[in-house]
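The values are calculated or read from the model by the stated rules, or taken from the named source; none is laboratory data. What you are looking at is a predicted structure, and each value in this text was computed from that prediction instead of being measured. Cβ sites come from the backbone with ideal geometry, for glycine too, and all protein chains shown count toward neighbours. All accessible areas refer to the heavy atoms of the entire protein, side chains included, with ligands and DNA or RNA removed. Shrake-Rupley method; radii C 1.70, N 1.55, O 1.52, S 1.80 Å.
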Amino acid sequence: MTTTQAPPPVKETFLPVIDTDAAPQHPRPGLGKPTSEESFTLIGTWVAALAMAWLVTQRLLPLGGWAWLVVAWFALGILFTIVTGFMSGRRIDVVDRVAGAVITAGALVVGAALVSTIGFVVFRGWEPLLHANFFLDDMSGVGPRDAFDRGGIGHAIVGSAIQLGIAIAITLPLGIGTAVFMTEVGGRFAGVVRTIVEAMTALPSIVAGLFIYTVLIVAVGFPRSGFAAAMALSVMMLPIIARAADVVLRVVPGGLREASLALGASRWSTVWHVVLPTARPGLATAVILGVARGVGETSPVLLTSGVATFMVTNPTEGVMNSLPLYIFKGARSPEPMDIERAFAAATVLLILVLALFVIARLVARQRTTAPRPSLLGRLRRPTHRQEIS
C-alpha cells in the first residue's frame, strides 16, 4: 500500500516597509541643544544686563545715547554670563558661554553694519529706480536739476559690461593657466609665481590704475578709453582668479591624475580631460569672484577711462563711463538730484555684486548627474513576497 506524503508548508518572507516621513516613536534630543533651564538662564542674563545698562548709562552716569547703552549692555552681559556660569557649571562651561556670546555679538555687529549700509543706500536712491528711463537712457543733454524721468545710467551699464567682458577675456586664460602652472608643473619658479600672486592679491587698486596709466597711456601713447580701463581691471582680477583656481586645483584627488597617467595619457591630456573638468565648478566660482572684485573698482577706471555722459560702445574710441565712475561723479556733485541718482546707481551695483556672489555660491555646489542608490528607497517599494519551498 502506497502512502502519499503531504507537501511541506510554504514559508513566506516579508520585507519591512520603512516610512521616512513618519515621526520617530521617541523624540531624539539633539547634540548640544540647551535645556529649558539653560535657555531661561541665558535669556534672563541678557535681560538683566539690559536693565542694568539702562540704569547705569541713563540714570547714574552722564552717558546718554544708544551707543553707550549697547556697549554697557554687552559688557554687563558678559559679566553676568560669567557669574551665572560659575553658579551652575564648571569653568569649561563658563568659557563656552562667553565665547558663544562674543561670537554671536560679532556676527550681529557685522550683520547690522551690512543691513544698515544696504538700507541707507536703497533709502537714498529709491526714487530714480521707479523710472524705466533710468536703466535705459544716458545723461546726454540732461542737467543736474532735471527730473528723474529724464536721463539714466544706460551708458554706465553698457560701459561696465564692455570693460568687464574685455577683462574676463584677458584674465580667464591667464589666471587659470597660472593656477595650472603652479599646481601641475611645479618647480622652483612655481614657488616664486605663487608668492607674487599672493602679494598681488592685496595690491591697492590705485597702484593698478597707475601701472596701466604709466605703461599704456603715457609710454605707449594709447588714449584713455574703455580698453585701458579693462586692462586695469584685468590687473585687479588676475590674482583673485589665479589664487582661487590654485586652491581649487589642489583639491582634485591625486588618484585621478595617477589613473590617467597609468592609462598612457600625457600630462597635458590629464590636465585637459581630467583635472580641469573635475574642478569646473570651483573654477567658475573663481572667475565670478574675480568679476565681483573688478565690477566695483573706481580708482583704476578713473585714471584710465575718464567720465562720459553719452553712450560709447567702442572701447578704443575714447572716454567710456562705468557704474563706479557714475557713482563717484554723482556723489561729489553739490546738486541733490545728482546725489540721488548716484545712490540709485549704487543700489544697482549692490544688486549686481550680490547676484554674482549668489551665482558663485550656487555654482560651487557639486551637482551629481545620477541619484545615488538608497537603501531606504528600495525598502519603501511595495511589499515583495518570496516563496521558499
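Points to keep in mind about this one:
- With respect to the stated conditions, Leu263 fails to be surrounded by 20 or more Cβ atoms within 10 Å (Cβ to Cβ), of a type in the set (A, V, I, L, M) and over 18 Å from Gly186 (Cα atoms).
- Complete set of residues in segment 210-235 that are hydrophobic (A, V, I, L, M, F, W, C), more than 18 Å from Asn314 (Cβ to Cβ) and out of contact with any Ser or Thr (no Cβ under 6 Å at 6 or more places or on another chain): Leu210, Phe211, Val215, Val218, Ala219, Val220, Val235
- Tally of residues being part of a helix (DSSP H, G or I), under 30 Å from Phe357 (Cβ atoms) and either free of Cβ contacts under 8 Å to residues at least 24 places away in the same chain or hydrophobic (A, V, I, L, M, F, W, C) (or both) across segment 254-306: 19
- Taking residues in segment 159-175 that are touching a residue at least 60 places away in the same chain (Cβ under 8 Å), and partners anywhere that are surrounded by fewer than 19 Cβ atoms within 10 Å (Cβ to Cβ) and outside any helix (DSSP H, G or I), the pairs with Cβ atoms closer than 8 Å and at least 6 places apart or on different chains are Ile162/Thr313.
- Restricting segment 300-309 to residues that are open to solvent by 40 Å² or more (accessible area, probe 1.4 Å) and modelled with pLDDT under 85 leaves a set whose member that is nearest to the chain's Cα centre (by Cα) is Val307.
- In segment 310-343, of all residues being without any contact (Cβ under 8 Å) to a residue 24 or more places away in the chain and open to solvent by 60 Å² or more (accessible area, probe 1.4 Å), the one that is nearest to Asp137 (Cα to Cα) corresponds to Lys329.
- Checking each residue in segment 63-94 for being of a type in the set (Val, Ile, Thr) and surrounded by fewer than 13 Cβ atoms within 10 Å (Cβ to Cβ) picks out Val83, Ile92.
- Across segment 99-155, the number of residues qualifying as outside any helix (DSSP H, G or I) and either under 19 Å from Leu325 (Cα atoms) or not small (Gly, Ala, Ser) (or both) comes to 20.
- Residue-level check: of (1) open to solvent by 40 Å² or more (accessible area, probe 1.4 Å); (2) more than 29 Å from the chain's Cα centre (by Cα); (3) of a type in the set (Gly, Ala, Ser), Ala112 misses just (2).
- Scanning segment 136-156 for residues that are more than 17 Å from Gly125 (Cα to Cα) and of a type in the set (Val, Ile, Thr) gives a single hit, Val142.
- Segment 43-62, residues that are open to solvent by 100 Å² or more (accessible area, probe 1.4 Å) and either in a helix (DSSP H, G or I) or among the small types (Gly, Ala, Ser) (or both): Ile43, Trp54, Arg59, Leu60
- Filtering segment 196-248 to residues that are open to solvent by 30 Å² or more (accessible area, probe 1.4 Å) and in a loop (DSSP other than H, G, I, E, B) leaves Ala202, Leu203, Pro204, Val220, Gly221, Phe222, Pro223, Arg224.
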